[in-house]
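Asker: Here it is, the structure in full.
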Amino acid sequence: MATIFKQRNMIAFFILIALVFPFLTNNNYLIHVMTLAFIWMIAVYGLNLLAGYTGYLSLAHAGFFAIGAYSLSLLTTKAEMNYWLAFVLALIITSVLGLLVGLISLRTKEHFFAIYTLCVGYIIYLVIDKWDSLTGGIRGLIGIPSPANIGPLTFNTPVANYYLVLFFLLLTILIMYRIVHSLTGRTFIAIRNSEDLAQTIGISTMTNKLLVFVISTFFAGLAGALYASFIRFIGPDIGYINVTFDILTYLIVGGIGTLSGPIVGTIIIVWVSQQLQFLQDYRMMIFGPILTLLVIFYPRGISGGIYDWTMKRKEKKRQNIDKNQQMISAQETSAASNKNG
Amino acid sequence: MDILIQQLFNGLTLGSVYSLVALGLTLVYGILHIPNFAHGALYMVGGYITLTMMTQAGLNYWLAIVVSCVVVGGLAVLMERLVFHPLRHAPAIHDKIAAIGIMLFLEALVQFIWGADYQTMTSPYGAVVNVAGVTLTMQRLLIIIATVLVMAILYFFLKKTFTGATIIAMSQNREGANLVGINTNRVAMLTFLISGALAAIAVSLAAPINLVFPGMGHLVLTKAFVIIILGGMGSIPGAIAGGYILGFTESLGATYISNDYKDLIAFVLLVLILTIKPNGLFAKGGH
């Protein structure tokens with residue numbers, strides 16, 4: 001019980017920090033960085049559910065991120081639609097495309113799935129890059145509106161944007177928490193551990209995989225839409241494979257298949273990147289080997305590593321208590337036998 | 001008609017390069033059953049080594065290729081020892097992520113050392129020749145001939161020598177190979193060495209007609225994946241046939257369909273194949 005309270009307190013503490021963060025600093029740049037980090041976290045959560053909990057590594061994640069971003073941008077700038085209507089439509093478009101891609105790609109497994117999605121990611125990128133009349137090609141799109149007012153709420157300032165993105169992030173985390181701790185979440189994990197076994201005990205693997213794929217693309221699209229209206233100009237680069245690798249790096253460093261992993265990984269890497277600004281394009285010289293080393297030594301990243309460590313400590317403690325009790329009882333019996341003797 | 005012949009010839013050139021890259025990838029897949037996502041990075045490093053050997057060290061083109069083969073082959077062996085060997089019992093997803101990590105590292109490293117600029121490699125075989133009404137550069141002719149030669153040597157090595165036979169044996173059945181006394185570690189290292197050397201040869205041949213830049217491995221890698229799925233993962237004849245098929249499809253597609261979308265052809269081809277046959281063409285039944 002104590003641990004639950006502790007965990008709950010920790011979560012409340014972090015949410016509080018996130019809420020008061022804009023009051024702690026007047027630096028708009030820091031708020032900008034944090035908002036971006038939150039947007040990436042949403043995308044990382046999407047990938048986490050698919051790659052971490054279901055075991056299907058999709059390399060098209062940046063593609064769906066770009067689809068979300070471009071859908072919103074095109075609907076607001078070219079179709080001049082109401083912002084929130086466009087927002088919802090962008091999510092629907094991304095999810096429907098996710099469903100179509102999922103229907104086909106999920107027939108493949110393991111390596112084939114990774115390669116298939118790699119190619120799908122390339123196709124999305126190349127189509128965005130070459131379809132000049134629609135997407136503006138290499139020039140990208142500019143003048144994307146920031147989120148429209150909801151009643152008295154306006155989103156013109158960086159701080160307001162920060163809270164909007166934070167709201168979506170918390171919603172994402174809540175949904176992920178509920179999914180992972182539900183029967184559906186267990187089903188995903190069962191598929192990850194052994195798809196054949198899952199099928200044998202009566203799980204419809206295709207339906208579940210499709211569900212998780214669509215959820216994953218939905219969150220990629222959500223992150224993309226938020227990104228587009230936050231940065232307000234986008235280019236085809238956001239759909240390039242490097243963005244997928246960035247998202248994957250956040251996930252692996254934080255802990256693939258853990259709920260806190262996406263937050264931990266994204267925060268750490270974003271802040272370290274800020275500190276290592278002079279490295280810019282060379283930052284992968286550090287993060288690349290870290291990725292590889294983590295997978296070899298701590299496959300579940302920082303969060304998973306800490307979790308395993310506390311579990312081991314608990315186990316040790318329990319063993320020590322057992323041992324002490326055994327010793328006490330042994331002493332008692334020997335004392336008793338001495339008396340008898 | 002002239003255009004057609006010219007394009008068929010271009011397809012042959014493209015296909016030769018693709019085949020060489022795909023051969024390395026398929027060999028490694030056959031032995032370790034991992035798709036080596038870092039193979040494109042090896043290809044790219046090979047390009048820079050050859051280029052540097054020619055411009056900085058002033059080596060002859062052929063000597064530069066040899067140096068490049070040794071360096072890239074060594075790099076591949078190192079990768080096998082340090083990364084893939086410790087991960088041999090890990091879930092499949094870990095190999096992929098580790099390979100992606102290596103790839104990102106190599107790309108950043110190359111960009112750090114040589115910069116992000118596009119560079120040209122001038123080969124000593126830039127002369128234009130006219131063969132049967134088709135004009136082509138010596139370099140393209142060289143690519144085609146050298147590829148056939150490399151393939152012939154590889155074939156001879158795999159089929160006629162004992163060491164080569166151990167690679168085939170291990171790709172057929174790892175435990176079985178181990179049981180009859182084949183040192184599987186040594187074979188895995190050898191395979192990575194060959195795979196790296198093939199990538200270095202491919203890039204050294206292709207670079208003079210393309211450009212050298214840090215991201216050059218991306219498209220080649222993805223296309224090589226398309227090829228080995230087309231030809232069956234781990235199949236050597238499949239990789240060769242698949243490479244030429246893709247080369248011809250691309251060069252003809254670029255002329256008769258759309259030059260802008262020519263890179264899409266390979267991916268659309270793959271998506272179609274996997275849609276119809278989720279385990280690739282020529283997949284071995286069961287597993």
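Asker: If I ask for residues that are touching a residue at least 40 places away in the same chain (Cβ under 8 Å) and surrounded by 23 or more Cβ atoms within 10 Å (Cβ to Cβ), which ones from region A:258-286 would you list?
Answerer: A:Thr258, A:Gly261, A:Pro262, A:Ile263, A:Gly265, A:Thr266
Asker: Just to verify a result, which residue in region B:206-219, among those that are within 16 Å of B:Ile49 (Cβ to Cβ) and part of a helix (DSSP H, G or I), is farthest from the other protein chains (Cβ to nearest Cβ)?
Answerer: So, considering only residues that are within 16 Å of B:Ile49 (Cβ to Cβ) and part of a helix (DSSP H, G or I), the one farthest from the other protein chains (Cβ to nearest Cβ) is B:Pro208.
Asker: Taking the residues in region A:198-253 that are among the hydroxyl-bearing types (Ser, Thr, Tyr) and in a loop (DSSP other than H, G, I, E, B) as candidates, determine which candidate is nearest to the chain's Cα centre (by Cα). Spell out how you get there, then give the answer.
Answerer: First, pick out the residues of region A:198-253 that are among the hydroxyl-bearing types (Ser, Thr, Tyr): A:200, A:204-205, A:207, A:216-217, A:227, A:229, A:240, A:244, A:249-250.
Pick out the ones that are also in a loop (DSSP other than H, G, I, E, B) and you get A:204, A:240.
Details: A:Ser204: 25, A:Tyr240: 18 Å.
Looking at residues that are among the hydroxyl-bearing types (Ser, Thr, Tyr) and in a loop (DSSP other than H, G, I, E, B), I get A:Tyr240.
Asker: Might you let me know whether region B:89-112 holds any residue that is buried (at least 16 other Cβ atoms within 10 Å of the Cβ) and away from chain A (no Cβ under 14 Å)?
Answerer: Of all residues in region B:89-112, those buried (at least 16 other Cβ atoms within 10 Å of the Cβ) come to B:92-111.
Checking the rest, the ones that are also away from chain A (no Cβ under 14 Å) come to none.
No.
Asker: Could you list, in sequence order, the residues of region A:73-115 that are assigned to a helix (DSSP H, G or I) and charged (D, E, K, R)?
Answerer: Within region A:73-115, the subset assigned to a helix (DSSP H, G or I) is A:73-77, A:83-105, A:110-115.
The answer is A:Glu110, and nothing else.
Asker: Among all residue pairs at least 6 apart or on different chains, which show Cβ distances below 7 Å where the first residue, located in region B:250-279, is farther than 21 Å from B:Gly231 by Cβ and the second is outside any loop (DSSP other than H, G, I, E, B)?
Answerer: B:Ala254/B:Lys262; B:Thr255/B:Ile3; B:Thr255/B:Gln7; B:Asp260/A:Lys130; B:Tyr261/A:Lys130
Asker: Looking only at region B:234-249, count every residue that is surrounded by fewer than 24 Cβ atoms within 10 Å (Cβ to Cβ) and either aliphatic (A, V, I, L, M) or assigned to a loop (DSSP other than H, G, I, E, B) (or both) and tell me the total.
Answerer: 5
Asker: Taking the condition of being in a helix (DSSP H, G or I), within 14 Å of chain B (Cβ to nearest Cβ) and without any contact (Cβ under 8 Å) to a residue 12 or more places away in the chain, how many residues in region A:287-337 meet it? Working first, answer last.
Answerer: Within region A:287-337, the subset in a helix (DSSP H, G or I) is A:287-297, A:301-337.
From what is left, the residues that are within 14 Å of chain B (Cβ to nearest Cβ) are A:287-297, A:301, A:304.
Retained after the next criterion (residues that are without any contact (Cβ under 8 Å) to a residue 12 or more places away in the chain): A:288-289, A:292-293, A:296-297.
The total comes to 6.
Asker: Related question: Only residues in region B:23-46 that are farther than 13 Å from B:Gly196 by Cα and more than 11 Å from chain A (Cβ to nearest Cβ) count as the first member; pair them with residues that are among the polar types (S, T, N, Q) and buried (at least 24 other Cβ atoms within 10 Å of the Cβ), Cβ under 7 angstrom, at least 6 apart or cross-chain, and list the lot.
Answerer: Close Cβ pairs satisfying both conditions: B:Ile31/B:Thr191.
Asker: Being more than 12 Å from A:Gly68 (Cα to Cα) and either facing chain B (nearest Cβ under 9 Å) or touching a Pro at 6+ places or on another chain (Cβ under 9 Å) (or both) is the filter here, so list the residues in region A:84-100 that pass it.
Answerer: In the first step, residues of region A:84-100 are kept if they are more than 12 Å from A:Gly68 (Cα to Cα); the result is A:84-85, A:99-100.
Once the filter is applied, which keeps residues that are more than 12 Å from A:Gly68 (Cα to Cα) and either facing chain B (nearest Cβ under 9 Å) or touching a Pro at 6+ places or on another chain (Cβ under 9 Å) (or both), region A:84-100 yields only A:Trp84.
Asker: Sticking with this structure for a sec: Taking region A:282-316, which residues are among the aliphatic types (A, V, I, L, M) and closer than 21 Å to A:Ile247 by Cβ? Can you show your working first?
Answerer: Let us first name the residues in region A:282-316 that are among the aliphatic types (A, V, I, L, M), namely A:284-286, A:290-291, A:293-296, A:302, A:306, A:311.
Answer for region A:282-316, where residues must be among the aliphatic types (A, V, I, L, M) and closer than 21 Å to A:Ile247 by Cβ: A:Met284, A:Met285, A:Ile286, A:Ile290, A:Leu291, A:Leu293, A:Leu294, A:Val295, A:Ile296, A:Ile302.
Asker: Here's a follow-up. Across region A:116-152, which residue is surrounded by the most Cβ atoms within 10 Å (Cβ to Cβ) among those that are part of a helix (DSSP H, G or I) and at pLDDT below 85? It would help to see each step written out before you state the result.
Answerer: Keep residues of region A:116-152 that are part of a helix (DSSP H, G or I), which gives A:116-130, A:132-135, A:137-139.
Subsequent filtering for residues that are at pLDDT below 85 retains A:130, A:132-135, A:137-139.
Values: A:Lys130: 16, A:Asp132: 11, A:Ser133: 6, A:Leu134: 12, A:Thr135: 23, A:Gly137: 15, A:Ile138: 12, A:Arg139: 11.
The qualifying residue surrounded by the most Cβ atoms within 10 Å (Cβ to Cβ) is A:Thr135.
Asker: Still on this structure: Can you confirm whether region B:62-79 contains a residue that is closer than 20 Å to A:Glu110 by Cα, in a helix (DSSP H, G or I), in contact with a helix residue (DSSP H, G or I) (Cβ under 7 Å, 6 or more places away or on another chain) and within 14 Å of chain A (Cβ to nearest Cβ)?
Answerer: Within region B:62-79, the first condition is being closer than 20 Å to A:Glu110 by Cα, and the residues that meet it are none.
Checking region B:62-79: not a single residue is closer than 20 Å to A:Glu110 by Cα, in a helix (DSSP H, G or I), in contact with a helix residue (DSSP H, G or I) (Cβ under 7 Å, 6 or more places away or on another chain) and within 14 Å of chain A (Cβ to nearest Cβ).
Asker: Go through region A:78-115 and give me each residue that's surrounded by 17 or more Cβ atoms within 10 Å (Cβ to Cβ), farther than 30 Å from B:Ile34 by Cβ and of a type in the set (S, T, N, Q).
Answerer: A:Thr94, A:Ser95
The values are calculated or read from the model by the stated rules, or taken from the named source; none is laboratory data. The shown structure was predicted, so the numbers you read here are calculated from the model rather than taken from an experiment. So basically every Cβ, Gly included, is an ideal-geometry build from the backbone, and we count neighbours across all protein chains shown.
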